[in-house]
Amino acid sequence: MRVTEPQRFGGVTYDRNVHCEVIGHPFAAPADLPPDRLRALRAAFLSTMRDTEFLGEAHSLKIEIAPVDGASLERIVREVIATPPQVKARGKQMLQ
């Protein structure tokens, strides 16, 4: 479902729908988490998201499971953080 059409601000296209739909309910870890632990957590998460027993339980509870891998989510978060100041200012105006 599209909430809004993509907008262009200062030469940058921002699609609010993609960011809101993909981020969902993320899990987070400390920024200084060692890389091997990060890989282990991401692998365990994806393994759980593919587990048939887990998926069956979620289905019986009418819970939609639509996981996004950690690398993709990290890329989206970095894009949001790097939002140009003029886009942030416009967003702030829109929320007031």
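The values are calculated or read from the model by the stated rules, or taken from the named source; none is laboratory data. Since this is a predicted model, take the numbers as computed values, not measurements. Don't worry about glycine lacking a Cβ; one is built from the backbone with ideal geometry, like all the others, and counts go over all protein chains shown.
Here are some notes:
- Residue within segment 41-59 that is part of a helix (DSSP H, G or I), touching a Gly at 6+ places or on another chain (Cβ under 6 Å) and surrounded by 10 or more Cβ atoms within 10 Å (Cβ to Cβ) present: yes
- Applying a threshold of 8 Å to beta carbon distances and a minimum spacing of six or more residues, or different chains, the list of pairs starting in segment 63-80 at a residue that is modelled with pLDDT of 85 or more and ending at one that is among the small types (Gly, Ala, Ser) and surrounded by 14 or more Cβ atoms within 10 Å (Cβ to Cβ) reads GLU64/ALA58; ILE65/ALA58.
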